[in-house]
Amino acid sequence: MPRIPFFSKHPDTATDPVCKMDVDTSNPNGGTHEHEGETYYFCGAGCRVAFSKEPEKYLDPNFEGMPM
Ligand SMILES: [Zn+2]
């Protein structure tokens, strides 16, 4: 499905730093993880665990996202 910029700017979503999916911040399927004062939201537990092990890897601006 093509992404419509207006809807992708919904304020109640955050981007999963591992797979770059939009995640509902009021009910994140994968829960949350705090890193250096920031809260990150995840689409699934696998992404959360991966992030908690190597947050620097996923926060690197050169990181393009992992296929699910
Ligand atoms: Zn994810």
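The numbers here are math on the coordinates, done by the rules we state, and not lab data. Just so it is clear, the structure is predicted and the values come from calculations on it, not from any experiment. Positions of Cβ are generated from backbone atoms using ideal geometry, with glycine treated the same way; all protein chains shown enter the neighbour counts.
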### Query
Can you give the FRET efficiency for residue 35 and residue 12, using 1/(1 + (r/R0)^6), R0 = 30 Å, r = Cβ-Cβ distance, to the nearest 0.05?
0.90
### Task
Name the long-range amide H neighbours of residue 35: under 5 Å, sequence gap of 5 or more, or other chain; modelled H, no Pro or chain starts.
40
### Query
How far apart, in nm, are two points set 7 Å out from the Cα along the Cα-to-Cβ line at residue 26 and at residue 53?
3.4 nm
